[in-house]
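Got a structure here, written out as structure tokens. Questions coming.
The values are calculated or read from the model by the stated rules, or taken from the named source; none is laboratory data. Keep in mind it's a predicted model, so treat the numbers as computed, not measured. FYI the Cβ positions are ideal-geometry reconstructions off the backbone, even for glycines, and counts take in every protein chain you see.
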């Protein structure tokens, strides 16, 4: 026996709004983001920017909406009858109770297979190490010759050549022509890359073409092109498509450029930038040289003020010699006067101590026959002969009587 659903177990009577809200929740939770394919019909572009259309196949159709915030990211616009693939969620437009798909992303039919092949090859080559940064070759700062692999009729070639000529017109350019779009073109692109590698006449190789759909750029997603780039000994730049386009070629090349023009800018130094840098170095050198000259000039002036000419030096030495002579004479005179004074003082002292001077005042000294000066009567005996020395002359005498 079937039981009543839990939702209606309490016998609650739903309003239409409640019913549609519950249905919308069930649909949203039951169908996560998924892909669906079909043919576009009944396309309407509202003034708000939203797109309304149906997707149909031979047996059914479903209403779809793609809001402005999502469709503005597409670089193409669908039209009636287009076969497309949509990434979407299932929703219910509650106000009308309409079952619909909300489109998050839209692409032309068949791109899913291409993207799957792209990711498969990308994973394979990545595991082999073809994308490793360790194997990337450094671009030369000043290449002597630049090679370009592209179609001679491609607009991208004109952009690349004009950019190279503008940035560094002195660098020669070698073009390795090849078709860049169409079935079987990947082999021709690989041959052109191999040819450039064998000739080894360029310092850097640009592989480029203009933007386009994933189908237009698919030849640069082929494995043969990727391996030709990986085996090329010349540093390579991939400039395929526009900024948002990515190819296998971008991952294998030594450098990826957002556009062909950007590839040309990466390959060459800017002549104008180099001239500006050279001019700045010139100005800096001029300033530094002038600064050093000013410093040396000041030092020279300082030394010049201290420098004395030989004549001035001779006059200065002569003046110094005269001054030294004056000081020497003065010193000698002082020494002579001091010695004369000392001599006078000593002479006076000697004069005072001279016993002869005492004798001139009436005194005399007595000596025995041996010349010994008699200073006491005890040294004499009666009858001793003595010599009396006076201030002037001397006399001999005999002692007749001694007094103690």
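Provide a single number: the residues in the stretch 167-189 that are within 25 Å of residue 244 (Cβ to Cβ) and either out of contact with any strand residue (DSSP E or B) (no Cβ under 8 Å at 6 or more places or on another chain) or crowded, with 18+ Cβ neighbours inside 10 Å (or both).
Step one: filter the stretch 167-189 for residues within 25 Å of residue 244 (Cβ to Cβ), giving 167, 178-183, 185-186, 189.
Filter again for either out of contact with any strand residue (DSSP E or B) (no Cβ under 8 Å at 6 or more places or on another chain) or crowded, with 18+ Cβ neighbours inside 10 Å (or both), leaving 167, 178-180, 182-183, 185-186, 189.
Summing the residues that are within 25 Å of residue 244 (Cβ to Cβ) and either out of contact with any strand residue (DSSP E or B) (no Cβ under 8 Å at 6 or more places or on another chain) or crowded, with 18+ Cβ neighbours inside 10 Å (or both) in the stretch 167-189 gives 9.
Let me ask something additional. Check residue 370 against each of (1) surrounded by 10 or more Cβ atoms within 10 Å (Cβ to Cβ); (2) outside any helix (DSSP H, G or I); (3) at pLDDT 80 or above and name the one condition it does not meet.
Here residue 370 clears every test but (1).
Evaluate the following for residue 15: is it modelled with pLDDT under 75 and within 18 Å of residue 94 (Cα to Cα)? Spell out the reasoning first.
Values: modelled with pLDDT under 75: no; within 18 Å of residue 94 (Cα to Cα): yes.
No; evaluated as a whole, the condition is false for this residue.
For the stretch 21-29, indicate whether the set of residues that are in contact with a helix residue (DSSP H, G or I) (Cβ under 9 Å, 6 or more places away or on another chain), outside any loop (DSSP other than H, G, I, E, B) and without any contact (Cβ under 8 Å) to a residue 40 or more places away in the chain is non-empty. Quick ask: steps written out before the conclusion?
Kept after step one, since they are in contact with a helix residue (DSSP H, G or I) (Cβ under 9 Å, 6 or more places away or on another chain), are these residues of the stretch 21-29: 22.
If we keep only those that are outside any loop (DSSP other than H, G, I, E, B) as well, we get 22.
Those still in the list that are without any contact (Cβ under 8 Å) to a residue 40 or more places away in the chain too: 22.
Within the stretch 21-29 (the criterion being in contact with a helix residue (DSSP H, G or I) (Cβ under 9 Å, 6 or more places away or on another chain), outside any loop (DSSP other than H, G, I, E, B) and without any contact (Cβ under 8 Å) to a residue 40 or more places away in the chain), the answer is yes, since at least one residue qualifies.
So residue 391 clears everything in (1) surrounded by fewer than 10 Cβ atoms within 10 Å (Cβ to Cβ); (2) in a loop (DSSP other than H, G, I, E, B) except one condition, right? Which one?
Residue 391 satisfies all of (1) surrounded by fewer than 10 Cβ atoms within 10 Å (Cβ to Cβ); (2) in a loop (DSSP other than H, G, I, E, B) except (1).
For the stretch 85-104, indicate whether the set of residues that are within 59 Å of the chain's Cα centre (by Cα), closer than 30 Å to residue 245 by Cβ and either at pLDDT below 85 or exposed (fewer than 14 other Cβ atoms within 10 Å of the Cβ) (or both) is non-empty.
no
Residues of the stretch 192-208 being touching a helix residue (DSSP H, G or I) at 6+ places or on another chain (Cβ under 8 Å) and either farther than 14 Å from residue 236 by Cα or in a helix (DSSP H, G or I) (or both), which ones? Lay out the reasoning, then the answer.
Going through the stretch 192-208, the residues touching a helix residue (DSSP H, G or I) at 6+ places or on another chain (Cβ under 8 Å) turn out to be 193-194, 197, 202, 204-208.
193, 194, 197 - these are the residues of the stretch 192-208 that are touching a helix residue (DSSP H, G or I) at 6+ places or on another chain (Cβ under 8 Å) and either farther than 14 Å from residue 236 by Cα or in a helix (DSSP H, G or I) (or both).
Within the group 277, 226, 263, which residue is assigned to a helix (DSSP H, G or I), over 16 Å from residue 179 (Cα atoms) and touching a strand residue (DSSP E or B) at 6+ places or on another chain (Cβ under 6 Å)?
Working: 277 fails: touching a strand residue (DSSP E or B) at 6+ places or on another chain (Cβ under 6 Å); 226 fails: touching a strand residue (DSSP E or B) at 6+ places or on another chain (Cβ under 6 Å).
On inspection, the qualifying residue turns out to be 263.
Still on this structure, please answer the following. Would you please name the residue that is farthest from the chain's Cα centre (by Cα), looking only at residues in the stretch 221-231 that are closer than 26 Å to residue 171 by Cα and surrounded by fewer than 24 Cβ atoms within 10 Å (Cβ to Cβ)?
Step one: list which residues in the stretch 221-231 are closer than 26 Å to residue 171 by Cα, which gives 228-231.
Still in the running and surrounded by fewer than 24 Cβ atoms within 10 Å (Cβ to Cβ): 230-231.
Working: 230: 31, 231: 33 Å.
The extreme case among them is 231.
Find the strands (runs of 3 or more DSSP E) located wholly in the stretch 41-159 whose residues include 3 or more that are under 23 Å from residue 216 (Cα atoms) and touching a residue at least 12 places away in the same chain (Cβ under 8 Å), and list them.
On the way: elements: 51-56, 61-66, 83-93, 98-108, 146-150.
Strands (runs of 3 or more DSSP E) meeting the threshold: 83-93, 98-108, 146-150.
Quick grid of which residues meet (1) under 26 Å from the mean Cα position of the chain (by Cα); (2) surrounded by 11 or more Cβ atoms within 10 Å (Cβ to Cβ); (3) touching a residue at least 60 places away in the same chain (Cβ under 8 Å):
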{"position": "206", "(1), (2), (3)": "no, yes, yes"}
{"position": "219", "(1), (2), (3)": "no, yes, no"}
{"position": "276", "(1), (2), (3)": "yes, yes, no"}
{"position": "287", "(1), (2), (3)": "yes, no, no"}
{"position": "292", "(1), (2), (3)": "no, no, no"}
{"position": "299", "(1), (2), (3)": "no, no, no"}
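Identify all residues within the stretch 122-152 that are over 33 Å from the mean Cα position of the chain (by Cα) and surrounded by 15 or more Cβ atoms within 10 Å (Cβ to Cβ); write none if there are none.
Correct list: 122, 125, 149, 150, 151.
What's the total number of residues in the stretch 335-367 that are assigned to a helix (DSSP H, G or I) and loosely packed, with under 10 Cβ neighbours inside 10 Å?
Here is the first cut: in the stretch 335-367, the ones assigned to a helix (DSSP H, G or I) are 335-353, 355-359.
Among the residues that remain, those that are also loosely packed, with under 10 Cβ neighbours inside 10 Å are: 352-353.
Matching residues across the stretch 335-367 total 2.
If residue 243 satisfies every condition in (1) surrounded by 11 or more Cβ atoms within 10 Å (Cβ to Cβ); (2) outside any helix (DSSP H, G or I) but one, which is the exception?
Exception for residue 243: condition (1).
Next up: Please go through the stretch 246-260 and pick out each residue that is in contact with a helix residue (DSSP H, G or I) (Cβ under 6 Å, 6 or more places away or on another chain) and assigned to a helix (DSSP H, G or I).
248, 249, 252, 260 - these are the residues of the stretch 246-260 that are in contact with a helix residue (DSSP H, G or I) (Cβ under 6 Å, 6 or more places away or on another chain) and assigned to a helix (DSSP H, G or I).
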